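The values are calculated or read from the model by the stated rules, or taken from the named source; none is laboratory data. All of these numbers come straight from a predicted model, not from anything done at the bench. Positions of Cβ are backbone-derived with ideal geometry, glycine not excepted, and every protein chain shown enters the neighbour counts.
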Amino acid sequence: MILPFSKSHANGNDFIIINSDDFPKERRTKKIISRLCCRHTGIGADGLFVISPSDKYDFMLDYYNSDGSWETLCANGSRCAVRFIYQRGSIGKKTIFLAGDGPHIAEILNNNISMQMNTPEYRSALLSPEGYDGYFINSGARHFVSSSKNLDDNFVFSAGQKIRNSQIFKPHGINVNFYRLIDKHTVDIKTYEKGVESVMLSCASGSSAVVFHLSKNKLVDSPVLVRSDGGNLTFNFDVEWNVVYSEGPAEMVFTGNFILDFI
């Protein structure tokens, strides 16, 4: 089986994009998806998107982490999918699509794409998994947010791995975001992502959870610039967080075909 695909990235967070007609459900196994995402023997990516038609929306997205596990939302990757479909001429500059956490509006803004996020929700009071204080917030995906002066990769990997596997969050696990507040409009963030099991260059849904938490504690005001190793995201939101948009780049990298016969 020859599998056509496209490769994209948003702030270094990279993805494989495939049309559902080319990738039937019986092929979407953890073994195949993890092989496609493997950086040594596959295409290589943090995750994989399958784009399907929808009767109600412009299109539908299914997102899989690089280990093959299905996830509700990846906002960086969703922007990449919007860019992919726009460049194919299938949508205009404004679109509405369905992800695992519900519908999203997006708009092409030259190099950047603006995407409406669903309003995050606190799922816990203050927690201290593995000795790290923070909060469980659902921003379309499961995130733990914790303040830290140390955003070194080694620290984020070690602490993030412990928290991700903490008994508190079993059986689903959680994404872990450490942040450092710079001022009322700027925050630095680094994320350990479950399903990828690595420190990410950027995470938009994690950034949304952090900015939401800081806003609710009156520590930031809209707009907020989120800085990560892969690049920047901008968040605009109203006081009640009924309307929130994340904005950032999304770039197509290359297209190709992958041979599935030997998997």
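Quick look at the numbers
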quantity: Residue in region 76-94 that is of a type in the set (Ser, Thr, Tyr), within 19 Å of the chain's Cα centre (by Cα) and not in a helix (DSSP H, G or I) present; calculated: no
quantity: Any hit, region 240-249, residues being in a helix (DSSP H, G or I) and out of contact with any Lys or Arg (no Cβ under 8 Å at 6 or more places or on another chain); calculated: no
quantity: Qualifying residues in region 221-263 (those that are of a type in the set (Val, Ile, Thr) and in contact with a Phe, Trp or Tyr (Cβ under 9 Å, 6 or more places away or on another chain)) - the one nearest to ASP14 (Cα to Cα); calculated: THR255
quantity: Residue among VAL210, VAL196, VAL226 that alone is in the same structural domain as ASN154 (by TED's automatic domain parsing) and part of a strand (DSSP E or B); calculated: VAL226
quantity: Selection status of ILE108, in contact with an Asp or Glu (Cβ under 8 Å, 6 or more places away or on another chain), surrounded by 14 or more Cβ atoms within 10 Å (Cβ to Cβ) and more than 23 Å from HIS213 (Cα to Cα); calculated: no
quantity: Residues that are assigned to a strand (DSSP E or B) and among the acidic types (Asp, Glu), drawn from region 95-116; calculated: GLU107
quantity: Identity of the residue in region 66-75, in a loop (DSSP other than H, G, I, E, B) and touching a helix residue (DSSP H, G or I) at 6+ places or on another chain (Cβ under 6 Å), that ends up surrounded by the fewest Cβ atoms within 10 Å (Cβ to Cβ); calculated: ASP67
quantity: Hits in region 160-175 (condition: of a type outside the set (S, T, N, Q), over 18 Å from THR72 (Cβ atoms) and in contact with a strand residue (DSSP E or B) (Cβ under 8 Å, 6 or more places away or on another chain)); calculated: GLY160, ILE163, ILE168
quantity: Among residues of region 41-55, those that are surrounded by 18 or more Cβ atoms within 10 Å (Cβ to Cβ) and part of a strand (DSSP E or B), counted; calculated: 5
quantity: Candidate set: region 170-188, residues that are closer than 20 Å to ASN150 by Cβ and of a type outside the set (Val, Ile, Thr); chosen: the one surrounded by the fewest Cβ atoms within 10 Å (Cβ to Cβ); calculated: ASP183
quantity: Yes/no for ASN65 being at pLDDT 95 or above and over 26 Å from ASP183 (Cβ atoms); calculated: yes
quantity: Residue satisfying all of: in region 189-220; without any contact (Cβ under 8 Å) to a residue 40 or more places away in the chain, of a type outside the set (Ser, Thr, Tyr) and under 16 Å from PHE155 (Cβ atoms); surrounded by the fewest Cβ atoms within 10 Å (Cβ to Cβ) among these; calculated: ILE189
